[in-house]
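Everything on this sheet refers to the single structure shown next.
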Amino acid sequence: MTTAQEREDLRAARRVLDGVVGEIRNVDGFADFGTAPTFAEVAAAANTLPVVYLAPSDAGGCALVVRNRGARSVTLPLLTIDATRARVRDYFAAYERFRESVGKPDERETTRRWHHALDELTRWLWDSVVEPLLPAVRGTPDLCLVPCGPLVPLPVHAAWKPDPARPTGRVYFADLFAVSYVPNARSLAATRHAARRRPPQRLLAVGDVDPGDPGAPSMRAEATAAAAAFPSKTVLLGDEATPRALEARIAAADILHLCCHGRADLTQPLRSHLRLAGASRLSVADILRMRMPTRLAVLSACETFLSGAELPDEMVGLPSALLQAGTAGVIASMWLVDGALSVALTTRFYRMFAGGSRPPAVALQAAQRWVRDTTNAEKEQAWQAALDKGEDWLPPATGSYLLSTVEFEDPVERRYAAPHHWASFSFTGG
C-alpha cells in the first residue's frame, strides 16, 4: 500500500510528465504526440497495403488486420505472453553468448547454438503467427507489421516451414510478402508522406574504412557498389567519415548508406551506435537531435535494428530514431552480419531499387531471395557476366571482391541459404 508521500511523489511526477508532453505537442508536427490514433487514421495508413498488429496475451495472441477500410481480428492461440517471453529469452541468451564469444575458443560452438536458436525461434513464429494469419492477408504482395511487446525485436519475416519444392527446402514468410515493420500506423503515414517528397536520386555513402580493419575490403566494395547506383553521389571513407561531415551533408542526400561497425546496447538503447572515423560514434541519442530527411537510410553494420531489451515495445533504437529524425525508411541488421553477405545483398538491392522502380521493401525482398536461392556457381556466373559486359551496377572493384568470396566454395552449394545470412536485414518505414 502506498503512503501519502508516495502518492504525492507520483502526482508530482505526473505533472512533470504532462508538462513535458505538452511542450512536445507545441512543436510543429507533434500535436498528436502521446495520443491514441483513431481507427480512421489507422485505416488511412492501410489504404495501399494491409497493416497487421501482432500482440501476445495471457490467453493467446491476436492479430488485427486492417485493410480496405475494414478490420479483421485473428486469434493466435500459441502466441501467449509466457510462450513468447520464453522464446525471446532463450533466443537472446544464445545470441548474447555468441556475440561475447567472437574471437574466443568457444566461438564455433556458441555460433552453432545461436544458429540453432534462430532456427527454432523462426519455426515457432510460423506456427504461432504466420499459419493462423495467412487466410486474412492472402491476395496482397506486401504488408506492414506492427509487432507489440516482446515481439518487437523478432525476425517475423524469417518465419518458415518445410517445403521440399523450394530451393532451400523451406518456405519463408518473406517469400509470400514483402514485409515492412513500423512502430505504429502514424509512423507509417508519416514515412509515406516523407517518401513522396524525396525520390531516390542523390546518395551519401559513409564508410569507416580503416586499412587495418579486417572488414575494410568489404566496406569499400559495398560503398563503391552503392555509389555506382546513383548519378549524383558523395562518398566519405576513412578519415572523412565523421559524424560532423555526415550531418553537414545529409540535407542534400536522398539516400544515406552507412557501412561501418555497429553495436546495440540492449540495456541502454540510447547508447546503441554506429562507429565512424577515429572511433567516433553516432548514437541513437545523437540521431534524435538531428534532422535527417532522407528517402532511405541503409545501415550496413551489425545490430542496427535491435532495440532495448528492457522495454522492447518502446522501439528505442537506430531505425526508430531515424524515422523520428525525418527518414522515410530504414534498412537495418538484426544481428552480427557477415561482411561478404552485406556486399552481395546490398549490391543486389541497389540493382533492384535504383531509379525508384521498386519500393525498398520489395527491392530488399527480391535481393534476399536471390542471394539465398542462387548457388555459388550461379552467383559467380552472374557477377562475371556483369563484369564482362561492363554493366554499371557492378563496378570492377566490387565485382572482384564478390568473385573472391565464392572462388573456393562448392559450386552447387548455396552459401547464404541459412536465415542467419539472408534474413539479417529488415526494412522499417514506408
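Filter the range 390-409 down to residues that are open to solvent by 40 Å² or more (accessible area, probe 1.4 Å) and part of a helix (DSSP H, G or I), then give me how many there are. Walk me through how you get there before you give the answer.
To start, the set of residues in the range 390-409 that are open to solvent by 40 Å² or more (accessible area, probe 1.4 Å) comprises 390-393, 396-397, 400-401, 404, 407-409.
Subset that is part of a helix (DSSP H, G or I): 396-397, 400-401, 404.
Matching residues across the range 390-409 total 5.
Among the residues of the range 353-383, the ones that are surrounded by fewer than 19 Cβ atoms within 10 Å (Cβ to Cβ), at pLDDT 95 or above and within 17 Å of Ala228 (Cβ to Cβ) come to 1 in all.
With respect to (1) in contact with a Lys or Arg (Cβ under 8 Å, 6 or more places away or on another chain); (2) closer than 22 Å to Leu49 by Cβ; (3) open to solvent by 10 Å² or more (accessible area, probe 1.4 Å); (4) not charged (D, E, K, R), the lone exception for Ala159 is condition (3).
Of the candidates Ser283, Ser232, the single residue that is free of Cβ contacts under 8 Å to residues at least 24 places away in the same chain, among the polar types (S, T, N, Q) and more than 30 Å from Pro50 (Cα to Cα) is Ser283. Cβ separations smaller than 6 Å between residues 6+ apart or across chains give the following pairs from the range 249-272 residues that are more than 19 Å from Ser320 (Cβ to Cβ) to residues that are open to solvent by 10 Å² or more (accessible area, probe 1.4 Å) and β-branched (Val, Ile, Thr): Arg249/Thr234. Has the range 248-269 got any residue that is among the hydroxyl-bearing types (Ser, Thr, Tyr) and farther than 21 Å from Thr294 by Cα? Scanning the range 248-269 turns up at least one residue that is among the hydroxyl-bearing types (Ser, Thr, Tyr) and farther than 21 Å from Thr294 by Cα.
Considering Arg192, Arg166, Arg123, Arg138, which residue is over 19 Å from the mean Cα position of the chain (by Cα), modelled with pLDDT under 95 and more than 30 Å from Arg220 (Cα to Cα)?
On the way: Arg192 fails: over 19 Å from the mean Cα position of the chain (by Cα); Arg166 fails: modelled with pLDDT under 95; Arg123 fails: modelled with pLDDT under 95.
Only one candidate passes the filter, namely Arg138.
Among the residues making up the range 410-430, those that are part of a loop (DSSP other than H, G, I, E, B) and open to solvent by less than 10 Å² (accessible area, probe 1.4 Å) are Tyr416, Ala423, Ser424. Examine the range 144-155 for a residue that is assigned to a strand (DSSP E or B) and aliphatic (A, V, I, L, M), and state whether such a residue exists. Checked against the condition, which is being assigned to a strand (DSSP E or B) and aliphatic (A, V, I, L, M), the range 144-155 yields at least one hit.
Listed by first and then second residue, the pairs linking a residue in the range 333-356 that is touching a residue at least 12 places away in the same chain (Cβ under 8 Å) and in a loop (DSSP other than H, G, I, E, B) to a residue that is among the hydrophobic types (A, V, I, L, M, F, W, C) and surrounded by fewer than 22 Cβ atoms within 10 Å (Cβ to Cβ), with Cβ atoms under 8 Å apart and 6 or more places separating them unless they lie on different chains, are Leu336/Val102; Ala354/Phe230; Ala354/Trp393. The set of residues in the range 201-233 that are touching a Lys or Arg at 6+ places or on another chain (Cβ under 6 Å) and either in a helix (DSSP H, G or I) or surrounded by fewer than 21 Cβ atoms within 10 Å (Cβ to Cβ) (or both) comprises Ala227, Ser232.
Table: residues versus (1) within 18 Å of Pro155 (Cβ to Cβ); (2) among the hydroxyl-bearing types (Ser, Thr, Tyr).
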| position | (1), (2) |
| --- | --- |
| Arg291 | no, no |
| Val298 | yes, no |
| Glu303 | yes, no |
| Pro319 | yes, no |
| Thr327 | no, yes |
| Leu336 | yes, no |
| Arg369 | yes, no |
| Ala382 | no, no |
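Considering only the range 162-188, how many residues are surrounded by 23 or more Cβ atoms within 10 Å (Cβ to Cβ), among the hydroxyl-bearing types (Ser, Thr, Tyr) and touching a Lys or Arg at 6+ places or on another chain (Cβ under 9 Å)? Matching residues across the range 162-188 total 1. Scan the range 270-310 residue by residue and report those that are basic (Lys, Arg), out of contact with any His (no Cβ under 6 Å at 6 or more places or on another chain) and either in a helix (DSSP H, G or I) or at pLDDT below 90 (or both). Arg271, Arg289 - these are the residues of the range 270-310 that are basic (Lys, Arg), out of contact with any His (no Cβ under 6 Å at 6 or more places or on another chain) and either in a helix (DSSP H, G or I) or at pLDDT below 90 (or both). Summed over the range 311-347, residues that are open to solvent by 10 Å² or more (accessible area, probe 1.4 Å) and at pLDDT below 90 total 8.
Please verify whether Ala13 is open to solvent by 40 Å² or more (accessible area, probe 1.4 Å), more than 30 Å from the chain's Cα centre (by Cα), modelled with pLDDT under 75 and closer than 30 Å to Pro153 by Cβ, treating the condition exactly as stated.
Numbers: open to solvent by 40 Å² or more (accessible area, probe 1.4 Å): yes; more than 30 Å from the chain's Cα centre (by Cα): yes; modelled with pLDDT under 75: yes; closer than 30 Å to Pro153 by Cβ: yes.
So Ala13 fits the description; yes.
Just to be sure I understand, how many residues within the range 344-379 are under 22 Å from Glu407 (Cβ atoms) and touching an Asp or Glu at 6+ places or on another chain (Cβ under 8 Å)? Residues in the range 344-379 being under 22 Å from Glu407 (Cβ atoms) and touching an Asp or Glu at 6+ places or on another chain (Cβ under 8 Å): 4 in total.
The values are calculated or read from the model by the stated rules, or taken from the named source; none is laboratory data. Since the structure is predicted, the reported quantities are computational estimates derived from the model, not experimental observations. Methodologically, a virtual Cβ is constructed for each residue, glycine included, from the backbone with ideal geometry; neighbour enumeration extends over all protein chains shown. The protein model used for the area step is the full one, side chains on, heavy atoms only, and it has no ligands, DNA or RNA in it. Shrake-Rupley method; radii C 1.70, N 1.55, O 1.52, S 1.80 Å.
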